[in-house]
Each structure stands twice: as C-alpha cells, then as structure tokens.
1. Considering only DSSP beta bridges with both partners in the stretch 85-358, what is the antiparallel share in %, to the nearest 5?
2. Which whole-angstrom value gives the distance between the alpha carbon centres of the stretch 104-169 and the stretch 270-346?
3. Which residue, 287, 279, 224, tops the fluctuation ranking in a GNM of the chain built on C-alpha contacts under 10 Å?
4. Given 10 Å bins starting at zero, what is the percent of C-alpha pairs of the stretch 194-280 in each, up to the one with the largest pair distance?
5. Thinking of the chain as a set of Cα atoms, what percent of all their pairs are more than 38 Å apart?
6. Would you compute the Debye intensity of the stretch 137-181 from its alpha-carbon atoms alone, equal scatterers and no solvent, and pass along log10 I(q)/I(0) at q = 0.16, 0.18 Å⁻¹ to two decimals?
7. Among 91, 152, 15, determine the one that fluctuates most according to a GNM of the chain built with springs between C-alpha atoms less than 10 Å apart.
8. Expected output is a single nm value to one decimal: the length gained when fully extending between residue 176 and residue 16, i.e. 0.36 nm times separation in residues minus the C-alpha distance. What is it?
C-alpha cells in the first residue's frame with residue numbers, strides 16, 4: 001500500500017489503539033476531536049482513535065523490539081511513532097490555569113486554540129451545526145471559555161521556546177457580534193505578535209459583515225485566514241448546519257474574493273467536510289471554483305463525534321476520499337496552489353487530511 005492509501009484509510013477507518021501512548025489526544029470539543037497525532041515516515045497525521053468506528057478498525061499497533069508498527073488485519077504495514085507530550089503542557093499561568101487549557105499541540109509543530117469556546121448557535125437545536133462539539137471540552141473542564149490575548153501570547157512564547165512550534169491557529173466560536181469574532185481575533189493576534197514577532201498565525205471565523213476586518217486582521221499580524229464552508233450543497237447545509245446556512249454561499253464567495261485580495265493567493269482557505277452529504281461532483285465543482293479565485297479547499301473526511309446529533313453518521317469510505325483527493329490534488333497541482341506555500345493554518349499543517357500527499 002502507498003502512504004496515500006494508508007493515511008486515507010486510517011483517517012476514515014480510524015486506529016484501534018488499545019494502549020494510549022504519546023501526547024494525549026482530544027476527546028470531544030472543537031478541532032480534530034477524538035483524534036491522536038501519529039507519525040508515519042516523515043508525515044504526521046491526526047487519526048481517529050476514540051470513536052466507535054476506530055474500535056472496529058482493521059488497523060492497530062503492535063510493539064516489536066521497542067518500535068511501534070502499524071498493522072492491518074495483523075499484517076505489518078509500516079513503522080509508526082507518536083509525538084511526545086510537549087513541554088509547555090507542564091506550565092501554568094499566574095492565575096493557575098494549565099497552558100494546555102489555553103492552547104494545544106496539533107501534529108508535531110502547530111499550536112492551536114479556540115479563543116472563544118462558546119457559539120451563539122450551539123445551544124439551540126434549530127441553529128446548531130449537527131457535527132459541532134465546541135461545548136464538550138468546556139463542560140468537561142478541559143478548557144476555559146475565553147482565552148485572553150495575554151494568556152495566548154504567554155502560551156505561544158513558551159510553545160515556541162520549549163517545543164519549536166512553527167505556526168499557530170486561532171479559531172473561534174461565533175459570538176453575537178456582526179464581526180463574527182474577527183475583532184477579538186485581531187486583539188489576540190496583536191498580543192501574540194508583540195510577544196512572538198515571527199510566529200506565523202492563521203485566524204478562522206465566519207465572514208464578517210464588513211470586509212474591512214480583513215485589512216485589520218492582516219495589519220494585526222494575521223498571515224492567513226480560514227472561513228469554513230464545511231458543506232457546499234445548499235440543501236445539505238440547511239439540513240446539517242441550519243443556522244450557519246443562513247449565510248449563503250454567494251456571501252462566502254464575496255468574502256473569499258475580498259480576503260484573497262488582502263491576504264494573497266493561497267493564504268485563504270476553507271474546510272470542506274466530506275461525508276456530510278455532498279456528492280463527489282459537488283465537492284469537486286466547489287473546489288475548482290475556490291481554486292480559481294486562489295482559495296485552498298482543505299478537504300477532510302468527516303468523523304462523527306460522540307454526543308452530537310451526527311454521532312451515528314458514518315464517515316465517508318476510503319474509496320470516496322481517495323477519488324476526491326486525486327481530483328482536487330490534480331487541480332491544486334495544475335494551479336500551483338500548494339499547501340506548502342501557505343504561511344499558517346490547518347491546510348499548512350495538513351494533518352487532518354491526506355490531500356497534501358496528492359498535490360505532488
């Protein structure tokens with residue numbers, strides 16, 4: 001099996017991990033939930049390990065002569081490794097808050113945080129995104145509701161100094177403000193940039209009401225921007241994310257064009273969660289449209305999270321993802337719109353998707 005096939009299958013089928021090793025994964029909450037970082041060769045990816053599907057996966061880990069090996073149906077596939085717990089996890093703020101409640105290690109060298117762990121839609125069944133678990137980690141006391149700019153700057157400095165963090169991602173739940181969180185992300189970026197001047201930063205939020213926020217975010221030191229569609233078909237969006245779907249695709253594309261003008265070609269990206277209901281053709285079509293205007297379509301297999309309305313929704317098949325990756329990877333290659341050229345963010349990290357392996 002090629003590395004493309006192995007990673008595609010791992011991210012759709014999961015890894016049956018009997019013994020938890022390496023840095024702790026994320027159970028519930030925002031971000032790559034129920035996943036753990038796994039390194040295969042020189043590639044570190046996030047793989048589902050805490051899901052019901054992972055418990056049934058043909059992939060597991062054995063230990064031979066001190067080395068972890070990946071097996072499929074008890075046949076050795078390749079060696080693998082697990083990143084260690086970062087050093088900054090052992091520190092606390094002056095208020096006594098553990099650093100890991102403020103920001104987490106993603107992959108091997110990416111720091112990620114949800115600056116506002118609440119969302120105007122989350123507690124309302126009529127508006128909530130059915131896949132979202134942003135409130136779970138807060139309820140479980142694994143994070144805090146609002147990270148201050150000063151806290152984020154403090155943790156970022158330590159993560160860079162102690163663990164060699166190379167870029168940072170800031171996402172947010174959507175607040176009840178017309179800027180959709182852009183204002184707070186701007187404040188956070190200014191504080192981080194003052195403390196760690198050369199750390200590339202990506203911010204993620206919904207399109208704000210006024211596109212002047214893109215200029216303000218860029219001026220604050222934000223290098224790249226993520227505005228996430230999640231799904232592309234309007235009917236799928238209305239069903240899966242009824243509140244967010246009130247913002248039409250036409251407005252997203254206006255925002256994409258405006259943001260690309262400010263941040264530059266390839267420095268704006270969007271998440272597409274394959275498996276929510278969009279057809280392969282729909283995902284290919286919207287990806288082509290995004291690429292044409294310089295937006296990177298970061299396509300990720302949907303992984304159901306326990307405790308959400310979609311907890312029993314099946315992830316996409318490996319075959320579906322492989323064909324999708326082939327098509328989008330070819331488009332990216334032809335357009336020379338590559339993840340390696342992104343300054344910071346999820347698509348730069350690439351650990352939640354195998355897409356970057358198909359750009360080559």
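1. Values: 5 of 26 bridges.
Approximately 20 percent, going by the DSSP bridge assignments.
2. Answer, in whole Å: 22.
3. 279
4. Final binned percentages: 16, 45, 28, 10, 1.
5. Details: 6439 of 64620 pairs.
That tail contains 10 percent of the Cα-Cα pairs.
6. The computed values of log10 I(q)/I(0) come out as -0.60, -0.73.
7. Per the Cα network of the chain with a 10 Å cutoff, 91 tops the list.
8. Numbers: separation 160, 0.36 × 160 = 57.60 nm, distance 4.01 nm.
Stretched out fully, the residue 176 to residue 16 stretch lengthens by 53.6 nm.
No lab work stands behind these numbers, since they all come straight from the coordinates. Note that the structure is a prediction, hence the values are computed from the model and not measured.
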